[in-house]
Structure formats: structure tokens, C-alpha cells
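Worksheet: the structure to be examined is printed underneath.
Please treat every number below as a calculation from the coordinates, not as lab data. Being a predicted model, the structure only gives us computed values, none of them experimental. So basically every Cβ, Gly included, is an ideal-geometry build from the backbone, and we count neighbours across all protein chains shown.
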């Protein structure tokens, strides 16, 4: 059963026609990997889902409801958390304040659900360690952990993450993979853009490959991983 | 790695004051000028504080902010004009009882007009700087003309209530009572703003929105509503500043907003976009510079604040304490 579905989505950015009829399905409870070369339209797809770029044509449905015309806050309010490629960390706020902002129901940090916070601290110890520190002073890996932690500070139905491994050291990437595996096990649906194909292979249940603003392949990650010719043709590399 | 407090900008105000002491020569005169400069700075800060948040939060260049200043001052002439018994009294308490409703009325009217200004003039030009400059300046001109229609083009007196006139002697220095009141009002406004920004969720949202409004929206908050709230609050504060500026000058003219506008933008640029602390420091520097140069080299006074702005920007090109980044 699909939680998120894109049908024939076209997006224009200024004078550029970037997405040319994207069809994509994110099944409920699964981790869907969105992969493709640079400039394939992956980030634009995520931003279009979040309403940050407007749908010119086509339909995006979430839980069966058409969200194509909704504003970004309305879409987020339906239970979608988004971690952009830039991470979107508020550098001048503390780690705790960043978390408080994402906890929409909490007025103070003390109002954030304690057991959920303890779970997040276990997944991302840096969030607890640097709680009172300015987020802008964290390392790249710590910022990425904070960005994901912020996205899950309250239960969300869908987690959309853009390139979580970008620029991270291998050890941090392994931590991130473990964290996403645990998130997936908790039942949350995840749509993840990833350039690091090893990261994608270890986590993905299904894969969607984009090229030139279109989806050129979708299917199970296991089948995609086993077909080296397909990978080479679509991504220009071997796993 | 904990939050480092940037002390250097705070030292600018006492440094400027101390630098001016040998130039002024006389300690009582220096003291009087310093209090006058700080009081003027506080009034300018009250006016500029809302605008810097509007600037930082939505990247909106509102050159029409001055109209709220003039409107606030004119509303005060109406209210205080009806409270002659209270303003003529020698009792400071009775005077403040008269000033308070005038201030509240000025803030309410300026805030309400700010709401309409945002809806009719600013909203259609979000994200278009050139159009923002042109249309908000146009709004300012229309506002000025409407004030002339309602109150006439001539100067109207806004005398200080009797108990707030005169000065206190402190040694050989004379400190005007009203300037102390202006200083106190500025400190109060800064305190309320600082507390709201630091301790409340709304404040947190404003601080986050100034840094990255798209991410705030992605977290599920409607930043446009927040912006409207800040715009209205900023307009109301400009109305309050207008009352204080009018009482400081003891008269109002339709062009007063336009005259103060230049100072406000200097303060915002010196302070750094979106920073209330930066705006406070910038406003105090502007107030002190205007008073010292006005006393020492009156012919330079007009350009002194421009020179101050250039000096600060040479030191910190994004202003003293920028919160919003260039977009």
C-alpha cells in the first residue's frame, strides 16, 4: 500500500522545465531510495513534494489525499518531515532550540516527549551532548544527525531526507545507516535521496532511478543490486 | 564550543563616549550631551526595532516605515489635546496618565494601518526588491499626503506635559527629565523584545525565520502569519517612537517620518539585518554621534552618521551583529 504517490508530476523553476512527468510511489513502512546522476531532478522532486516548488501538472497524493495544491506548512502538518540537502540547521540557535522548533506541540524543551527524546539521544548521542551549544558550531556529521533528529522529534508518517551521507566520513555514514535502519524498523516510511550507492544498497527496500527529470526505473532494491548491467546503464557505475 | 557572546560591539558605545570626552572638554557638557545622545538613540531604536525584524524575516525593504512614525505622533496630538488638565498638571504621575492613552492610541492606529499597508502594498511585491522600494516609497508619499489632508500641511505643536519639562541638576550637568524618560522607555522596549525573542516560542520562530524562512515553513509553521504579526508590531513600535520623537521635538510635521527614515536605515545597516541587539547598539551610536558632532562641528553633523555607517561597514561589512544572511 502506497503512502506517497506522484503521478505525471511536472515542475518548472523559472523558465526551466525540470520535472517531466515523474511517477513515483513510496510504499507504507518501507524505505524508498531515490537515486540518479547529478541534475537528474531528485532534489527538485523532494522540494515539489514539500510544496517548495509548485506542481505545474500532475498529482501528488499522501495517504490518498491530493496535496498538490497545498502550501508547505500544510503539507508538513499532514505528518511529513523533510531534511533538505543543506540540512536546514538554524546555526544561531542552540541544538535544543532547533529540536524545540520541530516539536510543534511543545512550547518549552521540557514539553518534548521524554521517552522519544531518550530514544533520539540513543540514536544520535551528539544531540544530547551538545544540547546547549549553538548548532552552527557542530561538525558536518553532527549537523546531519541534528537535522534527522529534528525531523523525528515528534512522530511523523513520512520522513523525506535529501543526501544524508553527503560530505560525511565513512564512520559517521555507518552510524547514519544504523540510525536509519532503526527508524525503518520503527515503522516510519522513508523516502531518501542518495548519491552514495552503497548507502542506498544497504538500506533501501525499493529503488527509483531518475534521469533528466524523469523516472527511468523503479523496483526492488534487491533486484536492482543484482543487475549490474542495469546499474551501469542507468547510473554509469558498478556497485 | 558554547555560545560565545560577542562583546566587541557592546564596547563601541562606551568607547565612543570616552573618545568624545577630551574633545568636548567640559565634563558636565559631555554628560549632558551623552544623556541626550543616548535618549535620542533609544527613540530611534524603538522605531527601528520592528523594521529590522521585518527586513530580516521576509527580506522586505519597507521605505514606508516613516509613515507610521508620523501617524503615531499625529494621533498623540489629538489625544493629548483632549487631556489638557492632565498635561498641564505639574504632577509627573498625572502627565504619564495622559501620555499612556496617547501612546496606546498611537500604537493601535499605527498597527492597524500597518496591517493594511502590508496587505495592500507590501504583499504583492514579496521577493521583488526594486518594486518594494518604489511601492513602499509611494505608500509613504500617499501617507504623508493623507496626513496633510487630515491635519493640514503646517507644523503642529506637541508640547511636553508640564511635569516632564525642565531638567534635573546633577552637579554642574543639566539632565532633561524627558530624556531620562525616553531612556527608560527604550530600555523597557529592548527588555520586552529581548525576552520575547529569547524566551518564547514565537521569539524562537522569529529568530529561526530570520535565518531560514523556508525551513521554518518545512517544519509546519505559517511564516507569513508570523511576518504579518511582526509587521504590525513593528508598525505599532514605530507609532510609539513617533509619539516619543514628536514630544522630543515638541512639534510634528507630515514629513517627520521621512526625516527619521534615513536615521532608521543607517541604524539597521549598522546593526546588521534582523538583529535587535545590533539595532540598539547602532541606534545608540547614531544618537551619540549626532549629539557630539552637533556640539563640536555642527557643519559635519549632517554627514556624521553616514561616516559612522561607513566606518562600521569597513570593520564588519554585514553590520555589527547580523542575524539574517544575504539572500
Study note, to complete from the structure: In degrees, nearest 10, the alpha-carbon axis of helix A:114-123 is tilted away from the dominant principal axis of the alpha carbons of chain A by 60
Exercise for review: Return one quarter of the surface area of the convex hull spanned by the alpha-carbon atoms of chain A, equal to its mean projected area, in nm².
Suggested key: 12.6
Check your understanding: For peptide A:69-77, how many partner chain Cβ atoms fall within 10 Å of a residue's Cβ, on average?
Key -> 4
Review point. Based on the mean of other beta carbon atoms within 10 Å per residue, what is the order of A:87-98, A:162-173, A:111-122, most packed first?
Key: A:87-98, A:162-173, A:111-122
Point to revise | Residues residue B:224 and residue A:171, FRET efficiency given R0 of 35 Å [Cβ-Cβ distance, rounded to 0.05] | key: 0.25
Point to revise | Distance from region B:48-76 to region A:178-218 (C-alpha centre basis), Å | key: 48
Review point. What do you get for Rg/Rh of the protein assembly as shown when both radii come from the Cα atoms and Rh is the Kirkwood radius?
Key: 1.07
Exercise for review: Take every residue in peptide B:219-226, count the Cβ atoms of other chains within 10 Å of its Cβ, and give the average of those counts.
Suggested key: 6
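Considering only chain A, what is the antiparallel percent among its DSSP beta bridges, to the nearest 5?
Numbers: 24 of 42 bridges.
Here the share of antiparallel DSSP bridges comes out near 55 percent.
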**Study point:** Listed residues B:93, B:141, B:180, most fluctuating in chain B (Gaussian network, C-alpha, under 10 Å)
**Key:** B:93
Exercise for review: Quick one: order B:150, B:244 by neighbouring beta-carbon count within 10 Å, fewest to most.
Suggested key: B:150, B:244
Point to revise | Interatomic Cα distance distribution for region A:80-148, bins of 5 angstrom, percent | key: 3, 18, 29, 29, 17, 3
**Study point:** Whole-number D in µm² s⁻¹ for region B:78-227, Kirkwood Cα-pair radius fed into Stokes-Einstein, 4 °C, 1.567 mPa s
**Key:** 67
Review point. Based only on the alpha carbon positions, what is the Kirkwood hydrodynamic radius of region A:1-66, in angstrom?
Key: 12.2
Exercise for review: Taking each pair of different alpha-carbon atoms in region B:90-146 once, compute 1/r for the pair, average those values, and report the inverse of that mean as the Kirkwood hydrodynamic radius in Å to one decimal.
Suggested key: 13.5
Exercise for review: Based on other C-beta atoms within 10 Å, arrange A:82, B:248, A:16 from fewest to most.
Suggested key: A:16, B:248, A:82
Exercise for review: For region A:1-126, restrict the atom set to alpha-carbon positions and state the Rg and Dmax in Å.
Suggested key: 16.7, 48
Point to revise | Expected-Rg normalisation [2.2 N^0.38 Å, Cα atoms] applied to region B:233-281 | key: 1.21
Point to revise | Percent of alpha-carbon pairs separated by more than 18 Å within region B:177-313 | key: 63
Review point. What does the average come to when, for each residue of peptide B:205-218, you count the partner chain Cβ atoms lying within 10 Å of its Cβ?
Key: 6
Review point. Using every alpha carbon pair in region B:1-144, what percent of pairs falls into each 5 Å bin from 0 up to the bin containing the largest distance?
Key: 2, 8, 12, 13, 13, 12, 13, 15, 9, 3, 1, 0
Revision key, fill the gap. In whole percents, the bins of 20 Å from zero upward hold the Cα-Cα pairs of chain B as 32, 59, 9
Exercise for review: First check a/c for region B:26-100, with a ≥ b ≥ c the square roots of the eigenvalues of its C-alpha gyration tensor; if it is under 1.5, answer rounded, and if not, answer prolate when a/b is larger than b/c or oblate otherwise.
Suggested key: oblate
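Let me know the Kirkwood hydrodynamic radius for region B:62-123, please, with Cα pairs as the basis and the value in Å to one decimal.
Across region B:62-123, the inverse of the average 1/r is 12.5 Å.
Run the helix sum for chain B: -39,500 (n - 2.57) per DSSP H stretch of 4+ residues, divided by residue count, reported at 222 nm to the nearest 500 deg cm²/dmol.
On the way: 13 runs with 238 residues, N = 327.
Using -39500 (n - 2.57) per qualifying helix, the result is -24500 deg cm²/dmol.
At a 10 angstrom cut-off on C-beta neighbours, averaged per residue, how do the peptides B:275-283, A:222-230, B:104-112 rank from highest to lowest?
Packing proxy ranking, top to bottom: B:275-283, B:104-112, A:222-230.
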Revision key, fill the gap. Note to self, chain A gives a 222 nm [θ] from helices alone (DSSP H runs n ≥ 4, -39500 (n - 2.57) apiece, / all residues, nearest 500) of -10000 deg cm²/dmol
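What per residue convex hull volume, in Å³, do the alpha-carbon atoms of region A:87-207 yield?
Roughly 97 Å³ of hull volume per residue.
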Exercise for review: Take the Cα pairs of region B:138-183, get the Kirkwood Rh, then feed it into Stokes-Einstein at 4 °C and 1.567 mPa s and tell me D in µm²/s.
Suggested key: 96
Review point. Taking square-rooted eigenvalues a ≥ b ≥ c of the alpha carbon gyration tensor, is region B:178-259 rounded, prolate or oblate, where a/c under 1.5 means rounded and, failing that, a/b exceeding b/c means prolate?
Key: oblate
Check your understanding: So in region A:109-239, what percent of DSSP beta bridges are antiparallel if you round to the nearest 5?
Key -> 55
Check your understanding: How do the peptides B:209-216, A:102-109, B:314-321 rank, highest first, by the average count of neighbouring beta carbon atoms within 10 Å per residue?
Key -> B:209-216, B:314-321, A:102-109
Practice item. For helix A:140-151, report the angle its Cα long axis makes with the longest principal axis of the Cα atoms of chain A; keep it between 0 and 90° and round to the nearest 10°. Key: 90
